[in-house]
Amino acid sequence: MSDTAVGFSDSPRKNRASKFKWISIVGIPLAAILFQVYVPRFFTTLAYLEMPLLVTVYFSLMRRSPPSGVLFGMCIGLAQDSLSNQPLGMFGIVKTLVGYFAASVGQRFEANSAVLRLVLAFFFFFFHQFFYWVLARALLGQAVSFEPVQTLVLAVLNAAVAVPLFHILDKLRVTD
Amino acid sequence: MDLILNRYRNLTALVAAILVQLVLLGYQVKSNQEVRLIRVWAISAVTPLARLLESGRSGTSGFFRDYFVLLDVREQNKRLQADLNRIQLENQYLRSELDTAERGKALAVFQEHARGKTIAARIIGNSPGSNGRVVLIDRGRGSGIQAGMAVITPSGIVGKIVSSYPTASTLLLVTDPTFAAGVISQKNRVHGTLKGNGSGGTMVDHVQNEQVVEIGEWFYTSGDDRIFPKGYPVGTVTAARPGRTVKEIVLTPSGLQNGLEDVLVILEGDHAPIPEAPAPNQTVYLQPLPAAEGDSADATTATRSRGAETDLDREVEKARRIGEDQKHVFGERGRGAPDFNKAPSTTPASPAPASPAAPRP
């Protein structure tokens, strides 16, 4: 597999952007989607884990490039949509926004901090669920329910998983 | 223009991505068509991996079970389970035929008509964001599966195919809120629409408050929806109460009770009659009622001879005999009432049949 590293290098700030191998960029989101599709069948308690979202947040944060975040979010979201029973674009739009905002945050803050990662994972999970609910009601007219307390609890759980997961994914970064 | 786009490159990328997806979404909602190509790509990319995982999982667990725990017993169990499933389906068909027709006629009908054509499929994954109410199965268009086909297990209906792709299909479970199927109750023949309640259960909608539905009553597919053949079990009623406009009926789906791993997709359906309730498979002998206290010996004899009478029946009979003794015609104006303090004659005016209580089905 090619060792080509992906990343922009046209400004000092973006020089801090992490680089990954192509296989990681393609393989990890695919594995995250597979996890969501396959694992809850046998471990139903793990259905709360939104792995594609966590992966979107991680890559967007570490790449520190909003266009890349947009692309990541859109691709992962559309892949999720393709496997769901919803029209294409629902997860796509939400994850596009998540990717954009995560990358914008990554440009301004040091994304290696565990506390920041915990807070961001918590915030983006809640944002993701809330915005998906808004889109489902506004664009599709679906009467889906939104339970803030339950979503907050799930956001905490996802954030708790995000910190060690991001730490593992850090190992896949390409060092110059 | 270029300057503006460069200056706001990030925002431009975001707006462009959102706009493209909004147009995509609008097209699908407006035209009620899906962008099939992208879905086919995604399913084709994920299915082989999911199938590989499933094979690995079942292979690994099977290895440990087969060789370390029970050796060949699992294989035998699989065969027996498959046989049992097939026999259950055949048995259900036979039972329903025998309930409604003569035995010989039903057998002849069964010989002429097989119970549809089905294909076995395995569930290989859940659909994202559906909380497990839409699942992926490992059979697709290549196996003859099309959208709209019914999916069952020997215990009952499971759902219907909503999309089929070359190597996989998506199955909408009965517990999904967008699921709908025509159903009919076994005992009172009440028609309704089966729907998922979104939290793992199902309900029957469009049943008027005046209609009678009992707890524990079975519902079967009615065949009205042209998806599910008539006569497949759906589930039992666990709650039925009057609602504001229609009755609220909660159903426990029978097809999902034993977990979902392998299912049958009906390629060619075959309608079957709804079994009668209760199944008349044995007769029950009823003892005659005990004599009423304080009644005369004759009345006791008469009552015994009549078998299944109530206290009210005995009182009515006693009053009628008193009236006949006193030449009184009940219901005639100006005649007053007979003297009920006098005992009735010993011989009943209209003798009851002397046979004992007949066996009841």
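Where a number appears in this text, it was derived from the coordinates with a stated rule and is not lab data. On a predicted model such as this, the values are computed, not experimentally measured, just so you know. Virtual Cβ from ideal backbone geometry, glycine too; neighbours counted across all protein chains shown.
The relative contact order of chain A comes to 22 percent, based on Cα pairs under 8 Å that sit 6 or more residues apart. With R₀ fixed at 22 Å, the C-beta to C-beta distance from A:L157 to B:R9 puts the FRET efficiency at about 0.05. Peptides A:52-62, B:133-143, ordered by how many other C-beta atoms sit within 10 Å of their residues on average, highest first, read A:52-62, B:133-143. Among the residues of B:16-29, the average count of other protein chain beta-carbon atoms within 10 Å of the residue beta-carbon is 6. Modelled this way, with points 7 Å down the Cα-to-C-beta line, the labels at B:D224 and B:L37 are 4.2 nm from one another. For region B:49-268, the average shadow cast by the Cα convex hull is 14.1 nm², which is a quarter of the hull's surface.
Taking R0 as 30 Å, what FRET efficiency do you get between A:N112 and A:A31 from their Cβ-Cβ distance, rounded to the nearest 0.05? So the FRET efficiency works out to roughly 0.85.
Between A:W22 and B:H191, the FRET efficiency estimated from the beta carbon spacing at R0 = 51 angstrom works out to 0.30.
Taking other Cβ atoms within 10 Å as a rough exposure proxy, B:V246, B:V190, A:V70 sort from fewest to most as B:V246, B:V190, A:V70. In terms of distances greater than 26 angstrom between alpha carbons, the cross-link table entries A:K21/A:K95; B:K30/B:K247; A:K95/B:K160; B:K78/B:K117; B:K160/B:K230 yield B:K30/B:K247; A:K95/B:K160.
For B:T60 and B:E210, the difference between the fully extended length at 0.36 nm per residue and the C-alpha to C-alpha distance is 48.5 nm. Note on B:L52 and B:R244: their simple-model spin labels are 5.3 nm apart, each label 7 Å out from Cα toward Cβ.
As a rough footprinting exposure proxy, the listed residues B:H328, A:H128, A:H167 were ranked by other beta carbons within 10 Å of their own, and the order from fewest upward is A:H167, B:H328, A:H128. Inter-chain Cβ neighbour count for A:40-53, averaged per residue, equals 2 (cutoff 10 Å, partner chain atoms only). Taking 7 Å steps out from each Cα toward its Cβ at A:R173 and A:T45 produces label points 3.3 nm apart. Phi angles across region B:319-325 convert, under the Karplus curve 6.51 cos²θ - 1.76 cosθ + 1.60 with θ = phi - 60°, into 3J(HN,Hα) values of 5, 5, 5, 4, x, 5, 4 Hz, Gly and Pro given as x. Taking other C-beta atoms within 10 angstrom as a stand-in for reagent exposure, A:W133, B:W218, B:W41 fall in the order B:W41, A:W133, B:W218, fewest first. Taking amide H atoms as placed 1.01 Å from N in the peptide plane, the amide H of B:T167 lies under 5 Å from those of B:R141, each 5 or more residues away in sequence or on another chain. Phi angles across region B:185-199 convert, under the Karplus curve 6.51 cos²θ - 1.76 cosθ + 1.60 with θ = phi - 60°, into 3J(HN,Hα) values of 7, 6, 7, 9, 6, 8, 8, x, 10, 7, 9, x, 9, x, 10 Hz, Gly and Pro given as x. Among the residues of A:88-100, the average count of other protein chain beta-carbon atoms within 10 Å of the residue beta-carbon is 5. Computed from backbone phi, the HN-Hα couplings of region A:75-89 come to 5, 5, x, 5, 5, 5, 4, 4, 8, 9, 9, 9, x, 5, x Hz, rounded to whole numbers (Karplus: 6.51 cos²θ - 1.76 cosθ + 1.60, θ = phi - 60°; Gly and Pro given as x). For chain A, the longest principal axis of the Cα atoms and the long axis of helix A:114-138 meet at an angle of about 40 degrees. The share of Cα pairs per 10 Å bin across region B:159-287, counted from zero up to the longest distance, runs 12, 41, 31, 12, 3, 0, 0 percent. Here region B:151-173 and region A:100-169 have alpha carbon centers that stand 32 Å from each other. Under 5 Å from the amide H of B:T238 lie the amide H atoms of B:G216, B:V250, B:L251, B:T252, each residue being 5 or more positions distant or on a separate chain, with H modelled from the backbone and absent for Pro and chain starts. Normalised size of region A:41-137, defined as Cα radius of gyration per 2.2 N^0.38 Å with N residues, equals 1.05.
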